Every structure is written in structure tokens, then in C-alpha cells.
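Everything below concerns the one structure shown next.
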Amino acid sequence: MSRNIRVAEPSPEVQKKIIRARQAIAQQEPRVIKCPYCRHSSIVVFGDTKGHVQAKCKNCGKETVFNVLEMRRMRRLQPYFSVFTEIK
């Protein structure tokens with residue numbers, strides 16, 4: 001089954017923006033945010049990513065809105081919460 005997909009080179013202006021974006025993230029470490037439904041890798045974010053991102057999981061097809069800053073905090077604080085729950 002073939003689709004009629006038109007592929008064109010981006011304009012030189014857009015190509016420069018792409019190159020600048022890649023240079024900006026070259027020193028940053030990527031983080032993978034997983035789909036909350038099926039735990040499949042959903043999106044990759046970098047350290048300077050802020051705000052909300054909407055993504056559709058390629059595995060289960062569900063759309064989810066992620067707050068990138070909250071996902072970062074959950075990941076870092078999770079071991080601390082497990083320690084506090086064990087003490088009580």
C-alpha cells in the first residue's frame with residue numbers, strides 16, 4: 001500500500017534553525033518519558049525543555065499531555081518518598 005507523501009527539502013532558513021537547535025542540545029543529556037498506559041518510550045526531552053507537551057504513543061495509540069517539569073521531579077523524588085513511607 002503506497003501513500004502519496006510529498007517530501008521536500010526545508011528552506012535554507014529552516015535548515016539553519018535545525019542546525020542551531022542540534023548544536024544547542026549537543027551537550028545536553030536526553031531523557032525518555034514513557035507512556036503512562038503501556039510504559040513504552042513516548043518522547044525524548046532535553047534539560048532545557050519546559051512546560052507541557054502532547055504526544056501520541058506509537059505502541060498503544062493513546063494521547064497524553066505531559067508536564068515535563070513534573071515528570072522530572074517525580075523521577076528524582078521517588079526514592080525519597082519510598083523511604084518516608086517505610087518509616088511510618
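Based on the Kirkwood approach, the hydrodynamic radius assigned to segment 1-50 is 13.9 Å, with every pair of different Cα atoms included. Scoring 48-57, 8-17, 35-44 by mean Cβ neighbours within 10 Å over their residues and listing the highest first yields 35-44, 48-57, 8-17. Other residues lying with their Cβ under 10 Å from the Cβ of K56 contribute a combined charge of +1, Lys and Arg counting +1, Asp and Glu -1.
Taking every Cα-Cα distance in segment 23-63 and sorting them into 10 Å bins starting at zero, the pair-distance distribution P(r) comes out as 28, 46, 23, 3 percent.
On the beta carbon distance between Q15 and D48, with R0 = 30 Å, the FRET formula returns roughly 0.90.
Read-outs throughout are calculated quantities, based only on the coordinates presented, and are distinct from any laboratory measurement. Predicted model only: the values in this text are computed from it and were never measured. As a convention, Cβ positions derive from the backbone with ideal geometry for all residues, glycine included, and neighbour counts pool all protein chains shown.
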